[in-house]
Structure formats: C-alpha cells, structure tokens
Amino acid sequence: MSRFHSLMKNEILFISDLHLTIERPEITKKFIHFLTHRASKAHSLYILGDLFDSWIGDDDFSPPIKTVKQHLKNLVEQGTQIFYIHGNRDFLIGQKFSQESGVILLDEYSVINLYGVETLLTHGDLLCTDDIDYQAFRIKSRSQAWKNNVLTKPLFLRLLVARWYRLRSFLHKRKKSNTIMDVNQQSVENIMHQHQTLRLIHGHTHRQAIHDLDIKGKAAQRFVLPEWKKESAGVLCWEKSGYHLESL
Ligand SMILES: [Mn+2]
C-alpha cells in the first residue's frame, strides 16, 4: 500500500447508545477521545441514536452539550462527515443542533450503499413492536403538535420534566419482560424486505450481536451495536474489505 493510500480516509464507523449525561462524565470523556483520535481517521461516522440520554430542545446548553457540539464540529471541519438518526431519548434534536454541530440528520429508516451493499440503518426502537405502550407513545410524541407543546415550555420546566421522565422510564423498564424490550423478528424481516435490503444496522436494545437471518430465501444480516458503558464501548468499522468490531 502506498503512503498516499494509507493516509486516505476510507473507513465508515457506526456507533449508538452513548446516553451522554452530566451524571456520567467518563462516557463523555471517552466519546471526545474517540472523536479526536479515532473518528478523525474515518471517512464518515454514523451515530444511530441515543447519543444523549435526554434532549429537551436545541436551546439547552447544560453540560456536556456545548463541549460535545464543539467536538462534533471540529471533526466535521477536519473532513469526517457525521450522520445522525434520532434515538428514543433524543428525538427532539433539531435543525439548530444540526447547524451548530455540522451533523447531518437522517430519516428514521435510511438506506446507504455500504461498499456496494444496500444497508438499512435505524435506531431500533421502531422494531420493538411487542412494546405496544411505547409504540403508542412514540406515535403521539412525534406529532408536530406534541413537539411544539413541549418545546415552547420554559427551559427550566423542560429540565425538570426530563428528570421525571428518566426516572419513570427506569422504573417501567424494570417491570417489562426481556422479550418485549427486544426487536420483533417479523417486524425486522418486513422492514428489510420493504426497503429491499439484506443488511440492517441498529442499536437501542443494547444486545450487541450479529444475527444471520433469511429474507424471502436470501441470506441477510442484522448488526446490533453495543451501548457505551464505563467498562466497555464499541464501534462497528467498515472498510471495502469487510467489517470488524473495535472495543474502546
Ligand atoms: Mn434507544
């Protein structure tokens, strides 16, 4: 490999579920180190949702938001593209955030051509169709009326409500069964077939794995990204020659 070739940025990276919050500064530190020392060598970075543990509007500047925005912008200016798909925690991320950080917002289902293979990207919550209560809330909370109602409330009030929601979600999750919290296999197959893809990458369930499946008689794969924790974090790296999982 020539020196020139080895300097070219040709990797594509995928991460999700960092759940950045002031309460876990070590994850923010890990992420900033990743942006500065690892993602800067890549062609592009796809963040598939729940970068933040909560998002109450683009006008919130409480830590670590400002620092994270600045580092995302630095990376974009160094020539690494960053794409974002909303998570269930930070679905209120809007155009102002996108402008300030240089991150490009994608649709909840987005198909990219990953070195010749059409690849479907999503956060993953939409695939958890056994969780009926959540899916009902999701439909309600994605309406413009619901969003406007939230985003026009004073910032301090939104901060309080977000805290309460986090606590509520924590308590609810403990009550729900393990299968309800995972993807529904039929929903996965339907959505992959609908988008004509044999590869899916998502996060959300925190069940890192590579699943083989069958879409109408064709071999397909579903990649589940890991959540970022203090002890372990990971990135899915693609190159022309294939993929590998990297621990951080
Ligand atoms: Mn999620």
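The values are calculated or read from the model by the stated rules, or taken from the named source; none is laboratory data. None of these values were measured; they are calculated from a predicted model. A quick note on method: Cβ atoms are made from the backbone with ideal geometry, for glycine too, and the neighbour counts reach across all protein chains shown.
Screening segment 91-122 for residues that are of a type in the set (Ser, Thr, Tyr) and part of a strand (DSSP E or B) and picking the one that is surrounded by the most Cβ atoms within 10 Å (Cβ to Cβ) gives THR119. Residues in segment 183-217 that are within 16 Å of the ligand (Cβ to nearest atom) and among the hydroxyl-bearing types (Ser, Thr, Tyr): SER187, THR205. Note on segment 130-166: among residues that are of a type in the set (Gly, Ala, Ser) and closer than 16 Å to TRP55 by Cβ, the one that is surrounded by the most Cβ atoms within 10 Å (Cβ to Cβ) is ALA162.
Checking each residue in segment 29-54 for being closer than 30 Å to LEU160 by Cβ and touching a residue at least 60 places away in the same chain (Cβ under 8 Å) picks out LYS30, PHE31, LEU48, GLY49, ASP50, ASP53, SER54.
For segment 38-82, the set of residues classified as within 16 Å of the ligand (Cβ to nearest atom) and at pLDDT below 95 consists of ASP53, SER54, TRP55, listed by residue number. Within segment 151-179, the set of residues being out of contact with any helix residue (DSSP H, G or I) (no Cβ under 8 Å at 6 or more places or on another chain), basic (Lys, Arg) and more than 16 Å from ARG89 (Cβ to Cβ) comprises ARG174, LYS175, LYS176.
Once segment 136-150 is narrowed to residues that are of a type outside the set (D, E, K, R) and in contact with a helix residue (DSSP H, G or I) (Cβ under 8 Å, 6 or more places away or on another chain), the residue that is nearest to TRP238 (Cα to Cα) is SER141. Evaluate segment 83-103: report whether one residue or more is touching a Gly at 6+ places or on another chain (Cβ under 7 Å) and away from the ligand (no atom under 16 Å from the Cβ). For segment 83-103, residues touching a Gly at 6+ places or on another chain (Cβ under 7 Å) and away from the ligand (no atom under 16 Å from the Cβ): absent. When segment 49-72 is filtered for residues that are buried (at least 16 other Cβ atoms within 10 Å of the Cβ) and assigned to a helix (DSSP H, G or I), the ones remaining, listed by number, are ILE65, VAL68, LYS69, HIS71, LEU72. Going by the conditions given, is ALA220 at pLDDT 95 or above, closer than 17 Å to THR122 by Cα and over 19 Å from the mean Cα position of the chain (by Cα)? Yes. Listed by position, the strands (runs of 3 or more DSSP E) enclosed by segment 167-248 that each have at least 1 residues that are surrounded by 13 or more Cβ atoms within 10 Å (Cβ to Cβ) and in contact with a Lys or Arg (Cβ under 6 Å, 6 or more places away or on another chain) are 199-202, 209-215, 218-224. Against the definition (crowded, with 16+ Cβ neighbours inside 10 Å, at positive phi, within 14 Å of the ligand (Cβ to nearest atom) and touching a residue at least 60 places away in the same chain (Cβ under 8 Å)), how does ASP125 come out, yes or no? Taking the combined requirement at face value, the residue does not satisfy it.
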